Amino acid sequence: MTLVTTLLDPRRYSRRALARLYGLRWTVATNLAHLKQTLGLDVLHCRTFVGVMKELTMFVTAYNLARRVMRQAGAQQEVPAERISFGDALRWLAQAHIGEALPRLRVVPRRPGRAEPRVRKRRPQEYDLMNQPRAVLRQALYDQKDET
């Protein structure tokens with residue numbers, strides 16, 4: 001593996017320290033993916049500052065609740081919290097009842113040397129993005145039909 005960095009002083013930044021930092025960076029990227037993909041934070045729906053702040057607060061609250069469940073499950077199952085499935089914790093939170101005991105959650109296996117290609121899983125849709133209100137777009141369709 002080749003790591004390109006601007007941290008060039010080998011006394012200050014040993015290979016081991018750089019490898020550990022890269023591993024931490026990978027953990028941060030995984031946690032951001034949980035926010036964006038698993039929770040759906042990749043698109044904000046509110047249009048006002050107050051609305052966006054409320055939406056972000058709800059996402060952060062859900063994320064922190066899931067992480068707390070992961071920590072508790074990790075302690076129960078005697079594994080580090082980051083090995084507990086975020087999706088499993090989130091699914092349990094969505095259906096849990098007050099006072100319900102935490103079940104055993106899925107433990108994600110260690111996958112050393114894992115590499116994932118940076119590609120899109122699906123092709124983008126052939127349709128334009130909805131950048132006008134639905135009623136305006138619908139009327140444009142009706143007007144287009146009337147012309148033909």
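Centre-to-centre separation between the Cα atoms of region 121-148 and those of region 60-87: 43 Å.
Take every pair of alpha-carbon atoms less than 8 Å apart whose residues are at least six positions apart; their mean separation over the length of the chain yields a relative contact order of 12 percent. Put a dot 7 Å past each Cα toward the Cβ at Leu32 and Arg68; how far apart are the dots in nm? With each label point 7 Å from Cα toward Cβ, the separation is 2.6 nm. The long axis of helix 86-95 is offset from the longest Cα principal axis of the chain by roughly 60 degrees.
The alpha carbon radius of gyration of the chain, expressed as a multiple of 2.2 N^0.38 Å, is 1.52. Hey, in the GNM for the chain with a 10 angstrom Cα cutoff, which one of Ala94, Ala135, Ala66 fluctuates hardest? Maximum fluctuation in the GNM of the chain, among the listed residues, is at Ala135. Could you tell me which GluC sites (Glu not before Pro) in region 1-107 are loop residues by DSSP with no more than 12 other beta carbons within 10 angstrom of their beta carbon? Loop-located and lightly packed - Glu78, Glu100. With axes computed from alpha carbons, what is the tilt in degrees of helix 49-77 against the longest principal axis of the chain, rounded to the nearest 10 within 0 to 90? Helix 49-77 sits roughly 40 degrees off the main axis of the chain. Ranking Val108, Val43 from most to least accessible surface, computed with a 1.4 Å probe over the protein chains only, gives Val43, Val108.
The values are calculated or read from the model by the stated rules, or taken from the named source; none is laboratory data. Since the model is a prediction, treat every value here as computed from it, not as a measurement. Note that we place each Cβ from the backbone using ideal geometry, even for glycine, and neighbour counts take in every protein chain shown. Each accessible area value is taken on the protein alone, full model and side chains, heavy atoms only, with ligands, DNA and RNA left out. Shrake-Rupley method; radii C 1.70, N 1.55, O 1.52, S 1.80 Å.
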